[in-house]
Structure formats: C-alpha cells, structure tokens
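Asks: Quick one: this structure, given as structure tokens, is what I'll be asking you about.
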Amino acid sequence: MTSNGVALRPASDYLRYLPALYWEDGFLGRFLSIFEDILTPIQVAVNGLPQQFDPALSSSPMLELLAGWVGADRLDGLDEKKWRRLIKASLVLHGSRGTKKAMRMALEITTGHRPFITEYSSGLVLGEDASLGLNTSLDSGAPLRFHVAFDCEASDVDTALVHTVIQRYKPAQVAYTVWYRSEAPAAR
C-alpha cells in the first residue's frame, strides 16, 4: 500500500488491544508498529528465558554458565547428553557428596550403567547393592574402603571416566576397588 509514492507500513497487531473504533485508523496502526518492532524481540527473549535455565534445553553458552553456578566441571569423555544430566543433578550430588547415593548417581549418569557399591562389612552380606557372584565374598572387609562393581564388561564403559568420577565424589581418605563382570578387582 502506498500513499503519494511512499510505502506504508502494515498496521500493527497491537491495534487489537484497543477499542474497535481505532482499528481502522491507518496512522495509529503504523505508529503502534514502531513499538511492536521494538518490543517483539524482547518479548520473544523473555518468553524463552525459562528454558535457558533448564540444562536439558539451554544453549551451549548458557549451559557453561549454569555449570559454573552449580560448580560442575566438564569431565573428559562425557558426551553432551550426559553432561547436561550431570549439571542438572549437580546440586543434589554436591549436597550428598561422599555418600553412596551420590557416588551411585554420578556413576550412573556418566557411564549409563547402574553400579553396585558395597562398603565395609564383615562376612557375607547380601543387600541392595550385593549381587551374588559379582561383588560378594566371605573375605573380611577393610575399613575406609568401598567396592564398585559393574554388571558389564570394562569395554562397555570409559574406565578412566569411572575413576575420575569416583575420585571426585568419594571421601578423600577412602580407598576403593572397581570390578567389572569378567575381570579381577582393580584396587586404587
């Protein structure tokens, strides 16, 4: 649409918020389109803000910022999906650092396999984290040592990542061993 050879802007969608009397006013429609052009990108940014604070949906730069806020360091060998899950769980992991719960959660997120974790116990104890034939024995346990067993082959997981995660989430003074389905225990 032109008026005296000058291209006219289309009427603003903001006219719908005014009484019907103003809907046909061409000048007011063009005037409001100036505000619409300025405010629409801001409104889009504000409407998308909640997803930027969700590690599963946020952009890469925002993901790095979120990781810094929750104190999560990127581990070598961790793919994008697992990294996002680890950031999302970081506050829970931090609050329960040094516990079996945090160790299991961190290892399950980073490896994709649920580990069996047993702590010091005398004799044979079958509990939630005991799997007969995988991580049970009649040996007497040693204090300040725990055992992590995976019901998979060592080639199914990144073993260096397993040890990095354990080092990060275990109590400082505690030693550990790691077993895989068909492998002898590896002490650390």
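The values are calculated or read from the model by the stated rules, or taken from the named source; none is laboratory data. No experiment lies behind these values; they were computed from the predicted model shown. Please note: Cβ atoms are built from the backbone with ideal geometry, for glycine as well, and neighbour counts cover all protein chains shown.
Asks: Condition (residue is surrounded by 15 or more Cβ atoms within 10 Å (Cβ to Cβ), outside the structural domain of D13 (by TED's automatic domain parsing) and free of Cβ contacts under 8 Å to residues at least 60 places away in the same chain) applied to region 32-40: is it met by at least one residue?
Replies: Checked region 32-40: no residue is surrounded by 15 or more Cβ atoms within 10 Å (Cβ to Cβ), outside the structural domain of D13 (by TED's automatic domain parsing) and free of Cβ contacts under 8 Å to residues at least 60 places away in the same chain.
Asks: Additional query: Which residues, taken from region 18-31, are loosely packed, with under 14 Cβ neighbours inside 10 Å and either in a helix (DSSP H, G or I) or in contact (Cβ under 8 Å) with a residue 60 or more places away in the chain (or both)?
Replies: Going residue by residue through region 18-31, those that are loosely packed, with under 14 Cβ neighbours inside 10 Å are 19-24, 26-27.
Once the filter is applied, which keeps residues that are loosely packed, with under 14 Cβ neighbours inside 10 Å and either in a helix (DSSP H, G or I) or in contact (Cβ under 8 Å) with a residue 60 or more places away in the chain (or both), region 18-31 yields A20, L21, Y22, G26, F27.
Asks: Right, something else. If you check A72 against the conditions, is it touching a residue at least 12 places away in the same chain (Cβ under 8 Å), surrounded by 14 or more Cβ atoms within 10 Å (Cβ to Cβ) and in contact with a Ser or Thr (Cβ under 7 Å, 6 or more places away or on another chain)?
Replies: yes
Asks: Right, another one. Picking from T118, T110, which residue would you name as being polar (S, T, N, Q), surrounded by 20 or more Cβ atoms within 10 Å (Cβ to Cβ), at pLDDT 60 or above and more than 25 Å from E80 (Cβ to Cβ)?
Replies: Values: T110 fails: more than 25 Å from E80 (Cβ to Cβ).
Criteria check complete, one pass: T118.
Yes/no matrix, rows are residues, columns are (1) of a type in the set (S, T, Y); (2) in a helix (DSSP H, G or I); (3) in the same structural domain as V148 (by TED's automatic domain parsing):
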residue: G68; (1), (2), (3): no, yes, no
residue: D76; (1), (2), (3): no, no, no
residue: K82; (1), (2), (3): no, yes, no
residue: K88; (1), (2), (3): no, yes, no
residue: T110; (1), (2), (3): yes, yes, yes
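Asks: Conditions first: (1) in contact with a helix residue (DSSP H, G or I) (Cβ under 9 Å, 6 or more places away or on another chain); (2) within 23 Å of T159 (Cα to Cα); (3) surrounded by 11 or more Cβ atoms within 10 Å (Cβ to Cβ). A56 passes all but one, so which condition is the exception?
Replies: With respect to (1) in contact with a helix residue (DSSP H, G or I) (Cβ under 9 Å, 6 or more places away or on another chain); (2) within 23 Å of T159 (Cα to Cα); (3) surrounded by 11 or more Cβ atoms within 10 Å (Cβ to Cβ), A56 is out only on (2).
Asks: To continue, here is another question. For region 41-53, give me each residue that is assigned to a helix (DSSP H, G or I) and either among the aliphatic types (A, V, I, L, M) or surrounded by 12 or more Cβ atoms within 10 Å (Cβ to Cβ) (or both).
Replies: Across region 41-53, the qualifying residues are I42, V44, A45, V46, L49, Q51, Q52.
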